[in-house]
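FYI, it's all coordinate maths here, none of it is from the lab. The structure presented is a predicted model; accordingly, all values stated were derived computationally and were not measured. FYI the Cβ positions are ideal-geometry reconstructions off the backbone, even for glycines, and counts take in every protein chain you see.
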Amino acid sequence: MMENPKINEGTAKKRIDNQTKILNNLKDVKHKIIILSGKGGVGKSTVAANLAFSLGSRGAQVGLIDADMHGPSIPKMLGIENERLVGGDDNKIMPITTSPNIKVVSMAFLIANKDMPVIWRGPLKMHAIRQFLEDVQWGSLDYLIIDLPPGTGDEPLSIAQLIPDSDGAIIVTTPQDVALLSVRKSINFVKTLKLPVIGIIENMSGFICPHCNKKIDIFGTGGGLKASRDFNVPFLGKIPIAPEIVETGDSGKPFVLEHRGSSSTKAFEEIVEKIEKILDKK
């Protein structure tokens, strides 16, 4: 069956109009970074939130979009899950400000009952993501970090199409082979969409025993580095397992602010330095 060219033209025009509105709204955002993972359970949202606060602690103005429509978790991690979005100037939506230089939006701010599931198909999710980009009053930012749900479905595809000028994607994985299978798919997904791969972060990479100070590689080690070499993309670093990361996430306090000087916080700081260097070269 032949496609109607008028329908195709209309769809293309609508997409261009949406992109134009988003580009205008984000014109004062220097860097736009997408955080991806090929599978769930790798600590992607924890990494995204702590990267945002690591950048913020260095004086950067940072926006953070929790684009997981079905399982938004960043507001809980930051202790702001009871906040609600309100209107601002020019019919814009005001993001939630968690500190003088960190702004957040999430589906969690729109759900009255935290126990109610969001039962949406693709078009509704794409509309919500478009609103986060187009209608939120982000203002002037050094970084806009977009935390996406795992996989290569509607949300990652929507973001890639709506922000054609993004700096690229950071892919989060854990060291074991099962997770790395998904990393390879994520890298190919990003490259298919002609987005740069900023780099790979290996999370949950080793545990330092608090009793004997010996490192234990619970999930193995080195898988993220191997994937980066296989695909010729930067390796940003390893973040060790720390019980305090779980505790601070549950209590709504960013780990990198609560445990300055820890090995995990130092790992985040080193990763941020690499990200800054990579983006400064562009």
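Determine which residues of the range 15-53 fall in the zone a paramagnetic label at His127 would reach in this model, i.e. backbone nitrogen under 11 Å from the point 7 Å along Cα→Cβ.
none
Just subtract the alpha-carbon distance of Leu110 and Asn188 from 0.36 nm times their residue separation and send over the number in nm, one decimal.
Values: separation 78, 0.36 × 78 = 28.08 nm, distance 3.33 nm.
Length gained between Leu110 and Asn188: 24.8 nm.
Top mean-square fluctuation among Val105, Val118, Val42, Gaussian network model of the chain, C-alpha springs under 10 Å?
Maximum fluctuation in the GNM of the chain, among the listed residues, is at Val118.
Using the alpha-carbon centroid of each, what span in Å lies between the range 48-98 and the range 125-178?
13 Å
Taking the Cβ-Cβ separation of Cys209 and Leu257 as r and a Förster radius of 35 Å, what is the calculated FRET efficiency to the nearest 0.05? Working shown, then result.
On the way: r = 25 Å, r/R0 = 0.72.
Working from the Cβ atoms, E equals 0.90.
Starting from the Cα of Leu181, step 7 Å along the direction of its Cβ; do the same at Asp28; then give the gap between the two resulting points in nm.
4.7 nm
Using a Förster distance of 41 angstrom, determine the FRET efficiency expected from the C-beta separation of Arg229 and Asn18, and round it to 0.05. All intermediate terms of the calculation are to be shown ahead of the outcome.
Working: r = 38 Å, r/R0 = 0.92.
Efficiency for this residue pair is about 0.65.
Let's test the formula: R0 of 30 Å, r as the Cβ-Cβ distance of Ile119 and Glu269. What FRET efficiency results, to the nearest 0.05? Don't skip to the answer; put the middle values down first.
Numbers: r = 40 Å, r/R0 = 1.34.
Efficiency computed from Cβ-Cβ geometry: 0.15.
Add -39500 (n - 2.57) for each DSSP H run of 4 or more in the chain, then divide by its residues: what number comes out at 222 nm, to the nearest 500 deg cm²/dmol? Before the final figure, lay out the partial values.
Values: 10 runs with 117 residues, N = 282.
Calculated at 222 nm, the ellipticity per residue is -13000 deg cm²/dmol.
Quick one: which residues, 5 or more positions from Gly88 or on another chain, have an amide H under 5 Å from its amide H? H modelled 1.01 Å from N in the peptide plane, none for Pro or chain starts.
For Gly88, the qualifying residues are Ile93, Met94.
Hey, can you list the DSSP H helices of the chain whose Cα span along the axis is 24 Å or longer and whose average Kyte-Doolittle score is at least -0.5?
On the way: long enough: 5-25 (30 Å, -1.38); 263-280 (26 Å, -0.30).
Flagged H segments are 263-280.
Just how large is the dipole of the chain about the Cα centre, in debye to the nearest 20, putting +1 at every Lys and Arg Cβ and -1 at every Asp and Glu Cβ?
Values: 35 positive and 32 negative charges, 133 e Å.
Its charge dipole is roughly 640 debye.
Pick from Asn50, Asn82, Asn101: which is most flexible by mean-square fluctuation in a GNM of the chain where alpha carbon atoms under 10 Å apart are linked?
Judging by the Gaussian network model, the answer is Asn82.
What relative contact order, as a whole-number percentage, does the chain give when Cα pairs under 8 Å and 6 or more residues apart are counted? Provide the component values of the computation, followed by the final result.
Details: 521 pairs, mean separation 67.9, N = 282.
Rounded, it is 24 percent for the chain.
So which residue, out of Asp17, Asp135, Asp217, gets the largest mean-square fluctuation from a GNM of the chain using Cα contacts under 10 Å as springs?
Highest fluctuation among the options: Asp17.
Where a ≥ b ≥ c are the square roots of the eigenvalues of the C-alpha gyration tensor, would you call the range 34-129 rounded, which needs a/c under 1.5, or, failing that, prolate if a/b is larger than b/c, or oblate? Before the final figure, lay out the partial values.
On the way: a/c = 1.65, a/b = 1.12, b/c = 1.47.
Oblate shape, in that a/c is at least 1.5 and b/c is the bigger or equal ratio.
Scan (1) 20.2, 74; (2) 18.2, 57; (3) 18.8, 70 for the value of Rg and Dmax of the Cα atoms in Å calculated from this model and give just the label.
It is the one labelled (3).
What list do you get for Glu270, Glu134 if you sort them by fewest beta carbons within 10 Å?
Details: Glu270 15, Glu134 19.
Ranked by crowding around the Cβ, least crowded first: Glu270, Glu134.
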